[in-house]
Amino acid sequence: MSPIGTTIGANVRDARRKRALTQAQLAERVSRSVETISNLERGNLVPGIETLLAISEALNVPLSALLQGLGSAEVPQLAERSDSRVERLAAMLARLDERHLDVIEPLLTLLGSDFPSRRGR
């Protein structure tokens, strides 16, 4: 189990239970197996972004709610990355459509709140 998987799994389980859904019902809504949902909720797997987006939509919760509790301990220290890497990432973001930007923005907001400013470097 990874800390990321455990955190996301607990958030998915809590959101699913608040909506009085079974794992089977959620699995059907997101076109995944019950085993996948069970493993996800127990922290045995870290879902991909497409699965997270599908779960977010199926449970009618913002993606950021499923990522609640993740912090700098679980993600790379982006502030230490080179400027050329930041520029490459910015170019990649510029090519994304609105749907994907809607997914990425809360992630960046969540991550950005835990990192020091690059201006002080």
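Annotations for the structure displayed:
- Filtered residues of the stretch 1-42 (kept if small (Gly, Ala, Ser) and over 13 Å from the mean Cα position of the chain (by Cα)): Ser2, Ala15, Ala20, Ala24, Ala27, Ser31, Ser33, Ser38
- Residue that is surrounded by the most Cβ atoms within 10 Å (Cβ to Cβ) [pool: residues in the stretch 1-29 that are modelled with pLDDT of 95 or more, among the aliphatic types (A, V, I, L, M) and not in a helix (DSSP H, G or I)]: Leu21
- Selection count, the stretch 67-104, where residues are in a loop (DSSP other than H, G, I, E, B), modelled with pLDDT of 70 or more and in contact with a helix residue (DSSP H, G or I) (Cβ under 8 Å, 6 or more places away or on another chain): 3
- Extreme residue, farthest from Leu111 (Cα to Cα), among residues of the stretch 30-42 that are of a type in the set (D, E, K, R) and outside any helix (DSSP H, G or I): Arg32
- Scanning the stretch 43-60 for residues that are surrounded by 14 or more Cβ atoms within 10 Å (Cβ to Cβ) and either in a helix (DSSP H, G or I) or at pLDDT 95 or above (or both) yields Thr51, Leu52, Leu53, Ala54, Ile55, Ser56, Ala58, Leu59.
The values are calculated or read from the model by the stated rules, or taken from the named source; none is laboratory data. Predicted model, so just to flag it, every value in this text is computed and none were measured. So basically every Cβ, Gly included, is an ideal-geometry build from the backbone, and we count neighbours across all protein chains shown.
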